[in-house]
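Have a look at the structure below before the remarks.
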Amino acid sequence: MTPTPLLPAPRALLEHLPAYVAGRRATSADVAALASNESHHAPLPSVLTAIAEASQRVNRYPDPQGLALRDAIAAHVGVDVEQVAIGPGSNGILQQLLAAICDPGDEVVHAWRSFEAYPILARLAGATPVGVPLDGERHDLPAMAAAITPRTRVVLLCTPNNPTGVALTTAEVEHFLAAVPRDVLVVIDEAYVEYDGSGFDGPALLRRHPNVALVRTFSKAHGLAGLRLGYAVAAPAIAEAIRRTMLTFAVTDLAQAAGLASLAATAELRERVGQVVAERTRVTAELRRLGWETPDSQANFVWLRCGDHHREELLAAFDAADVLVRGYAGDGIRITLADRASNDRALAILTAAPAVVAVPA
Ligand code: PMP
């Protein structure tokens with residue numbers, strides 16, 4: 001018998017790493033794709049032109065500093081270019097940030113349930129994720145402050161929170177920051193900021209607190225999920241650290257060009273965001289009429305909390321109707337808002353399932 005060749009062993013932590021479950025992708029035009037929080041709008045014509053132009057340069061490496069784009073982001077947020085770092089999606093930015101800040105054994109405090117990449121990225125950085133249960137559908141900021149230990153290096157806040165849609169207030173985060181040691185970085189993940197009508201002011205918090213970092217993405221309202229582009233805004237030394245941990249050339253020239261064009265298309269984007277927000281208002285009212293206590297979402301999705309039994313029954317009904325939504329074991333269902341017709345398909349399923357809907361857990 002030939003002996004099994006000895007293989008290099010992957011790091012032990014990979015065995016315990018929870019897998020990232022991506023929203024299912026539509027496989028045909030008949031499917032309503034409401035399982036991932038992306039934009040249902042096709043890219044804007046001006047963005048497509050910028051991508052086409054940039055495609056002629058793909059024999060060249062991109063600008064590793066992303067200077068033109070960082071300049072535009074700095075102007076957009078109202079900060080200095082030294083405060084901006086870019087990365088391949090906000091996932092990439094979060095990975096860079098944790099790699100820049102955390103040593104093995106450090107702790108990363110985050111709300112739970114929240115964006116499911118947080119515990120995965122923390123573990124990948126060798127850190128220990130500390131999930132603090134939500135208070136209803138909101139971050140429990142007092143409990144998160146109490147979870148900070150001498151090992152805590154990063155706190156991740158998500159507003160509006162994925163998947164519950166609830167936004168934090170500037171005042172409550174200000175209050176929270178007063179309880180956080182100055183050497184702990186408080187990261188505010190604003191992936192859905194463009195849809196947020198709550199008045200939350202991340203840049204104001206950043207101006208007042210050098211231990212705050214904002215993380216944003218071009219994947220949602222900007223409609224560039226497939227190109228992978230995100231950014232962080234932080235104190236210059238933190239932004240520099242996040243730039244250093246980026247895989248060189250990870251942000252392509254196509255992504256940089258598209259990001260620049262998208263930042264310039266303010267009016268078109270506002271109009272698109274307005275459509276989603278109008279649908280959010282309509283769908284939320286309809287859900288409440290059906291008996292769901294859905295929270296006020298400030299994002300491009302709505303949240304239905306339900307027990308596992310209801311969730312399974314509803315998910316089967318959604319599946320049977322070719323409507324892809326996102327189920328979360330033990331918690332509920334998230335439905336991404338898209339065009340009116342797709343949203344109506346989701347509502348029709350909930351309307352036709354009164355036995356389940358009448359008693360949301
Ligand atoms: N943060 C939050 C809160 C998200 O919901 C998502 C996408 N689901 C991301 C970050 C990552 O998005 P991307 O990497 O496409 O920017």
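Annotations for the structure displayed:
- Restricting attention to segment 98-115, the residues being open to solvent by less than 30 Å² (accessible area, probe 1.4 Å) and either within 27 Å of residue 38 (Cα to Cα) or within 16 Å of the ligand (Cβ to nearest atom) (or both) number 6.
- The set of residues in segment 80-92 that are open to solvent by less than 60 Å² (accessible area, probe 1.4 Å) and either in contact with a Pro (Cβ under 7 Å, 6 or more places away or on another chain) or within 16 Å of the ligand (Cβ to nearest atom) (or both) comprises 83, 84, 85, 86, 87, 88, 89, 90, 91, 92.
- Some residue of segment 11-24 being open to solvent by 100 Å² or more (accessible area, probe 1.4 Å), within 23 Å of residue 247 (Cα to Cα) and either among the hydrophobic types (A, V, I, L, M, F, W, C) or assigned to a loop (DSSP other than H, G, I, E, B) (or both): yes
- Filter result (free of Cβ contacts under 8 Å to residues at least 24 places away in the same chain and under 26 Å from residue 40 (Cβ atoms)) within segment 205-236: 226
- Test: residue 95 is farther than 26 Å from residue 338 by Cβ, open to solvent by 30 Å² or more (accessible area, probe 1.4 Å) and in a helix (DSSP H, G or I): yes
- Taking the criterion of being of a type in the set (Lys, Arg) and within 26 Å of the chain's Cα centre (by Cα), the residues of segment 6-56 that qualify are 24, 25.
Quick grid of which residues meet (1) open to solvent by 40 Å² or more (accessible area, probe 1.4 Å); (2) at pLDDT below 95:
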{"position": "258", "(1), (2)": "no, no"}
{"position": "268", "(1), (2)": "yes, no"}
{"position": "275", "(1), (2)": "yes, no"}
{"position": "294", "(1), (2)": "no, no"}
{"position": "298", "(1), (2)": "no, no"}
{"position": "309", "(1), (2)": "yes, yes"}
{"position": "312", "(1), (2)": "yes, yes"}
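- Yes/no for residue 239 being touching a residue at least 60 places away in the same chain (Cβ under 8 Å), more than 19 Å from residue 336 (Cβ to Cβ) and away from the ligand (no atom under 16 Å from the Cβ): yes
- Unmet criterion (only one of (1) under 21 Å from residue 239 (Cα atoms); (2) in contact with a strand residue (DSSP E or B) (Cβ under 7 Å, 6 or more places away or on another chain)) for residue 183: (2)
- Scanning segment 51-72 for residues that are open to solvent by 20 Å² or more (accessible area, probe 1.4 Å), closer than 16 Å to residue 227 by Cα and assigned to a helix (DSSP H, G or I) returns 51, 52, 53, 55.
- Among the numbered conditions (1) in contact with a Pro (Cβ under 8 Å, 6 or more places away or on another chain); (2) over 20 Å from residue 205 (Cα atoms), the only one that residue 103 does not meet is (1).
- Verdict on residue 252 being crowded, with 17+ Cβ neighbours inside 10 Å and either under 21 Å from residue 42 (Cα atoms) or away from the ligand (no atom under 14 Å from the Cβ) (or both): yes
- From the options 264, 235, residue that is aliphatic (A, V, I, L, M) and in contact with a strand residue (DSSP E or B) (Cβ under 9 Å, 6 or more places away or on another chain): 235
The rows are residues; the columns are (1) open to solvent by 50 Å² or more (accessible area, probe 1.4 Å); (2) at pLDDT below 95; (3) assigned by TED's automatic domain parsing to the domain that holds residue 35; (4) closer than 18 Å to residue 38 by Cβ.
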site	(1), (2), (3), (4)
281	yes, no, yes, no
302	no, no, yes, yes
306	no, yes, yes, no
323	no, no, yes, yes
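The values are calculated or read from the model by the stated rules, or taken from the named source; none is laboratory data. What you are looking at is a predicted structure, and each value in this text was computed from that prediction instead of being measured. Note: ideal-geometry Cβ built from the backbone for every residue, glycine included; neighbour counts use all protein chains shown. Keep in mind that these areas ignore ligands, DNA and RNA; they rest on the heavy atoms of the full protein, side chains included. Shrake-Rupley method; radii C 1.70, N 1.55, O 1.52, S 1.80 Å.
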